[in-house]
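Throughout, read-outs are computed from the coordinates displayed, never taken from laboratory work. From a predicted model like this one, the values you see are computed outputs, not experimental measurements. When we count neighbours, we look across all protein chains shown, and the Cβ atoms used for this are built from the backbone with ideal geometry, even at glycine.
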Amino acid sequence: MNARHAVLTVCVAATALLTGCEAIPGTLPGSTAPAPPPAPAGPASELLAQLQILPEDTGAHYDRDDWMTDWAKNGECSTRETILQRQGKGVAVDGRCAPTAGTWYSAYDGVTTSDPGELQIDHIVPLAEAARSGPVVNGRRQRPGEWPPAQREAYANDVEGLLAVTGSSNQSKSDDDPARWMPSHDPCGYVTNWVRVKKKYGLSVDQAEHDAIAGVLATCPA
């Protein structure tokens, strides 16, 4: 049987992307997206302490098309389809990698659905947020929007920074950071994943964002 027709079962939990289940590589062999940097190790509180605290770079240019015009492809499967396979239960796909069966849990609002059309693939740290979160290097503010195109594409398609959630919860979040938006379900998992993505790509946090994340982490199980 062709592997694309096999039923795929994966772990589903609010922290599964970056903290739970089996490690997920940033990209798969054969993907058209460049490889992302390695995932950081260590507790989220320690990683948060390593991030630069800087005012948000509100003057940074952002155009979504500079980061992605569509999902990268891995054979027949797009990044979206790969996420749906990895984050669903009992997922079956057809010869074009489109899901034909399965259930998905939306970690932001606790909704379970069997209709993949109800799901959007969220960048945990939104592309616009990444563009505004450049660090200071050698006294100069770096702007991720000026990364080489391959680096921006790697970020946009990094499966460790993507989550399948309901369209309504994704639209509610928009491009807000944790100081302005927090999911109704499992905020601990959410801010842990947020910090890991920011550390992985050397992004900064503003003071309000840092304090909101620290406040949640203080309530999370050790």
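Measure nothing fancy, just the Cα-based angle from helix 207-217's long axis to the longest principal axis of the chain, in degrees from 0 to 90, nearest 10. Roughly 50 degrees between the two axes. A helix-only calculation puts the chain at -7500 deg cm²/dmol for mean residue ellipticity at 222 nm, using -39500 (n - 2.57) for each DSSP H run of at least four residues, averaged over all residues.
Taking the Cα centre of the chain as reference, the dipole from Cβ charges on Lys and Arg (+1) and Asp and Glu (-1) amounts to some 460 debye.
What net charge do the residues around Trp147 carry, taking every other residue with its C-beta under 14 Å from that of Trp147, with Lys and Arg at +1 and Asp and Glu at -1? Net local charge, Trp147 excluded: -1.
Looking at the chain alone, DSSP beta bridges between its own residues are antiparallel in about 95 percent of cases.
Starting from 0.36 nm per residue, how many nanometres of slack lie between Thr219 and Gln151 once their C-alpha separation is accounted for?
That works out to 21.0 nm of additional length.
Angle between the Cα long axis of helix 187-200 and the longest principal axis of the chain, 0 to 90 degrees, nearest 10? In the chain, helix 187-200 runs at an angle near 70 degrees to the longest axis.
I need to check one value: relative contact order of the chain, counting alpha carbon pairs closer than 8 Å and at least 6 residues apart, in percent. With pairs under 8 Å counted, the relative contact order is 31 percent.
At R0 = 30 Å, how high is the FRET efficiency between Arg96 and His185 if r is their beta carbon distance? Nearest 0.05 is fine. The calculated FRET efficiency here is 0.40. Taking a Cβ cut-off of under 12 Å around Gln50, the surrounding Lys, Arg, Asp and Glu residues balance to a net charge of +3, with basic ones at +1 and acidic ones at -1. Label sites at Val137 and Lys89, each approximated as a point 7 angstrom past Cα along Cα to Cβ, lie 4.3 nm apart.
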